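**Q** Structure below; questions to follow.
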Amino acid sequence: MVMFKAAFVREWRLLARQKADWLNPLMFFVIVLTLFPLGIGAKPNLLAEIAPGIIWIAALLSVLLGAERLFKEDFRQGTLEQLVAADEPLFAYVLAKITSSWCSTALPLLFISPLIALLLGLNAAAWQAIVLSLLLGTPLLNLLAALGAALTLSADKGGILLALLILPLYIPLLIFASAAVDNATLGLDYSAQLAVLAAMLCLAAALVPLAVLKALRLNVG
Amino acid sequence: MFKWLDPYAKPETLYRICGLWFPWLMTLAVLTLLLGTVWGLGFTPADYQQGDSYRIIHIHVPAAIWSMGAYSSMAIAAFIALVWQIKVAQWAVGAIAPIGAVYTLIALLTGMAWGKPMWGTWWVWDARLTSELILLFLYLGVIALSGAFADRQMGAKASALLAVVGVVNLPIIHFSVEWWNTLHQGATITKFAKPSIDPSMLWPLLLSILGFALLLAALTCLRLRTAILLNEQHRPWVRALAQQSDQKGNVPQTNAGRTV
Amino acid sequence: MAVFLVTTSLLSAFALSCVRQDRVLFDAVDVTLAAGELLHISGKNGAGKSSLLRILAGLAMPDEGEVLWCGEPLSHRQPHSDFAQSLCFIGHLSGVQPQLTALENLEFWQAAFQLKQADPYAVLATLGLAGLEDIPCQMLSAGQQRRVSLARLWLTQAKLWILDEPFTALDQSAIKLLQQQFKQHLEQGGAIILTTHQAMEQQFPQSRTLELVYRW
Amino acid sequence: MPEFYFESLSAFWQMGGYALFVWLSFGSTYGLLFGLWWYSQRSQNRILQDLAKKQSREQRVRAQQQQEEEANESKT
């Protein structure tokens, strides 16, 4: 716990000093969202129909964008190999990394979600569904992104490879999250989709940190 | 419990065993596949609904079954490699992945060729085809990751870990795609319903399934042999083998003039 | 004989071999290290010094052979927390996060590596970093950053230190300081494994040298 | 013993009007499988040759090093 707090505080200090790390993905998200109406046409009905998919694909890409740097700096500075050698603090470190990356990439998305709903012409019910699905789904995004970052840590071509590995794993999330928002725009009940999202989140929260740990040990060794 | 398996984990032993098995497996695979194909193409009646186009089933279904089978065997090898730190298992992951990817590609192509006369378009977002497509992405990820590291051993370990992660995800992906499919395209599924299989059609299908399995085993043996040589090239036994092949005259002796 | 070796030595390794990029770096290397001893690993560039250190630190697996800590083999199948807690590993990368200040770096290490709760200002002052405690480390020179990284050695409670080129970028006074710290650690029953191009034998009577021969 | 289903060989090739799809699938399948086998077999055949080449390269480097060492010794 002491270690978790220390690592978390360290992450926050770094984020405060490198604002681009969390501002850029956010700006990317907003820009991608504005591109869709420009490319497809801004008919309100059409927009509302495709909004769930667009929002989730943009969220997914913006999380991926920030994922590569997650462990890179600590790997280059040697912090990571010292943590692996010390073994015990590693798990808390990984948890702190994932939590802080969620706070820095997904929380801002939640805050600007009313704006998104306005841009895409969604009603209040749909906005609520977006918030709920983002709340349950984005931790999953961050968990899997951390796994991809850990796996490709010492690889030669990290960035694009990371996307290649992780995007297929996002498919279930994309399906259920956009289905939830879809149902909300139609005024249907979407608690079942949220329950599936919650179940997937629980499974991932239990297993992914272990896989990240293994991947980090492997890349350092 | 698994102590009796230990000698087989020794690369040199495994290399010889694979060399011993490969010709038999390959011959059997080719014979079974040919028999299954000829039987399935020419000696079974046509389907009353789909006509002769149904004959694609004799490669589509075996390829689809063993594309999943190859992924599971790859994941089992990967699990063994990660838990018991057995190197040959880790190399087996890299040996199986391309075979599985090719099987998946075959399942996709034949599925498309079957879909065109049935659905009228080459591609339909059908649950099975979509799952196969995602499976192909997973295979490509494993292959790409294993080649992305300067250190080959690290690449092998990382791709083993990815294979295990993938196999946990595979059922989730499969069911979510199926659910998504019922949501969006409920109508197409009934068209593609399982034909009630007549025994006369079943036997060649089973033969083809067996043939694809044998081919998977044979090619795994072949590729594993290459992987063992590549990764054990610093060992005396591989050096001796290389020297033998050298003396057979495959390679010109370039160093004769220089050592003087 | 083997039993005798195992019981007296802190860390020992038998028949280690390491293969990197299909090249055998070393083969059949034995290492024994008792409490109060310093092991100096020397060899040409590319001889595998760093790889040996990483194997001894439990970061990498040897291709053959075994590392024993207090007679217990370090296996990668089980976590070896006892060994990890008695180890202080500083590789040729310093582990200093350049955006953070020396104090912030130390604070993180204190939690991560269970260092002594001492006054960080005093430690940094001993290392000649007085007045530089709260500016980001990227403003410091390479030698000063190295000192920040080595400050951990004044605070650690670990018995075994494994250091990869600890003297690089340090000036004479810092080297002297570090060597004094080494002596104190050895006298208290600690053990050190390091690689360096400095001659260690004169100052450290208990030191042994392990020469790794560069091989094709 | 199953009998040949088609009336004539040309009917067999026509596959009841589905010739394109059936032969396309079977052709691409066997093409891909053959390609995979060929590729794997070729890399298996080549690897020992490559290793032999690498060994002779190593030998040359070693001989060179020895020569240099001897030259240095004779100088001093």
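**Q** Could you please tell me which pairs satisfy a Cβ distance under 7 Å, a separation of 6+ or placement on different chains, a first residue in the range C:89-103 that is touching a residue at least 12 places away in the same chain (Cβ under 8 Å) and within 8 Å of chain A (Cβ to nearest Cβ), and a second residue that is in a loop (DSSP other than H, G, I, E, B) and of a type in the set (Asp, Glu)?
**A** C:HIS92/C:GLU165
**Q** Could I ask something else about it? Which condition number in (1) under 12 Å from B:SER131 (Cβ atoms); (2) modelled with pLDDT of 90 or more is the one that B:GLU178 fails?
**A** (2)
**Q** I would also like to ask the following. Evaluate the range C:200-207: report whether one residue or more is over 22 Å from C:ALA142 (Cα atoms) and hydroxyl-bearing (Ser, Thr, Tyr). It would help to see each step written out before you state the result.
**A** Taking the range C:200-207 first, the residues over 22 Å from C:ALA142 (Cα atoms) are C:200-207.
Filter once more, keeping what is hydroxyl-bearing (Ser, Thr, Tyr): C:207.
Within the range C:200-207, one or more residues are over 22 Å from C:ALA142 (Cα atoms) and hydroxyl-bearing (Ser, Thr, Tyr).
**Q** Pick from the range B:45-93 the residues that are among the aromatic types (Phe, Trp, Tyr) and under 25 Å from B:LEU206 (Cβ atoms): which of them is modelled with the lowest pLDDT? Break it down stepwise before answering.
**A** Our first condition is that a residue be among the aromatic types (Phe, Trp, Tyr); within the range B:45-93, this holds for B:48, B:54, B:66, B:71, B:79, B:84, B:91.
With under 25 Å from B:LEU206 (Cβ atoms) added as a condition, the list becomes B:48, B:54, B:66, B:71.
On the way: B:TYR48: 70, B:TYR54: 81, B:TRP66: 94, B:TYR71: 95.
So the residue we want is B:TYR48.
**Q** Moving on. Residues to consider are A:THR105, A:THR79; find the one that is closer than 27 Å to A:LEU161 by Cα and more than 15 Å from the chain's Cα centre (by Cα).
**A** Values: A:THR105 fails: more than 15 Å from the chain's Cα centre (by Cα).
After applying the criteria, what remains is A:THR79.
To keep it simple, each residue is scored yes or no on (1) part of a helix (DSSP H, G or I); (2) under 27 Å from C:ARG23 (Cβ atoms).
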site: B:HIS58; (1), (2): yes, no
site: B:ALA64; (1), (2): yes, no
site: B:LEU82; (1), (2): yes, yes
site: B:VAL88; (1), (2): yes, yes
site: B:VAL93; (1), (2): yes, yes
site: B:LEU108; (1), (2): yes, no
site: B:TRP122; (1), (2): no, no
site: B:TYR139; (1), (2): yes, no
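**Q** Condition first: out of contact with any Leu (no Cβ under 7 Å at 6 or more places or on another chain), within 17 Å of A:LEU107 (Cβ to Cβ) and within 11 Å of another protein chain (Cβ to nearest Cβ). Now tell me which residues in the range A:15-29 satisfy that.
**A** If the condition is that a residue be out of contact with any Leu (no Cβ under 7 Å at 6 or more places or on another chain), within 17 Å of A:LEU107 (Cβ to Cβ) and within 11 Å of another protein chain (Cβ to nearest Cβ), then A:LEU15, A:ALA16, A:GLN18 are the ones that fit.
**Q** Being within 7 Å of another protein chain (Cβ to nearest Cβ) and assigned to a helix (DSSP H, G or I) is the filter here; which residues of the range D:18-32 pass it? Step through it out loud before you land on a result.
**A** The first filter runs over the range D:18-32 and keeps only residues within 7 Å of another protein chain (Cβ to nearest Cβ), leaving D:18, D:21-22, D:24-26, D:28-29, D:32.
Matches in the range D:18-32: D:PHE21, D:VAL22, D:LEU24, D:SER25, D:PHE26, D:SER28, D:THR29, D:LEU32.
**Q** Give, as residue ranges, the strands (runs of 3 or more DSSP E) completely inside the range C:136-216 that count at least 2 residues that are β-branched (Val, Ile, Thr) and surrounded by 15 or more Cβ atoms within 10 Å (Cβ to Cβ). Spell out how you get there, then give the answer.
**A** Numbers: elements: C:160-164, C:191-195, C:207-212.
Hits in the range C:136-216: C:191-195.
**Q** Among the candidates B:ILE86, B:ILE56, single out the residue that is over 13 Å from the mean Cα position of the chain (by Cα) and buried (at least 23 other Cβ atoms within 10 Å of the Cβ).
**A** That would be B:ILE56, the only listed residue that is over 13 Å from the mean Cα position of the chain (by Cα) and buried (at least 23 other Cβ atoms within 10 Å of the Cβ).
**Q** Out of all the residues in the range C:17-30, which are in contact with a Leu (Cβ under 7 Å, 6 or more places away or on another chain) and more than 14 Å from chain B (Cβ to nearest Cβ)?
**A** The answer is C:VAL29, and nothing else.
**Q** Let me ask something else about it. Considering only the range B:88-141, state which residues are touching a Phe, Trp or Tyr at 6+ places or on another chain (Cβ under 6 Å), touching a residue at least 60 places away in the same chain (Cβ under 8 Å) and either more than 30 Å from B:PRO11 (Cβ to Cβ) or of a type in the set (Val, Ile, Thr) (or both).
**A** Residue satisfying the conditions is B:PRO117 alone.
**Q** Six or more apart or on different chains, Cβ under 9 Å: which pairs go from a residue in the range A:82-98 that's more than 10 Å from every other protein chain (Cβ to nearest Cβ) to one that's buried (at least 22 other Cβ atoms within 10 Å of the Cβ) and of a type in the set (S, T, N, Q)? Could you list them?
**A** A:ILE98/A:ASN142
The values are calculated or read from the model by the stated rules, or taken from the named source; none is laboratory data. Note that this is a predicted model, so its numbers are computed, not measured. Don't worry about glycine lacking a Cβ; one is built from the backbone with ideal geometry, like all the others, and counts go over all protein chains shown.
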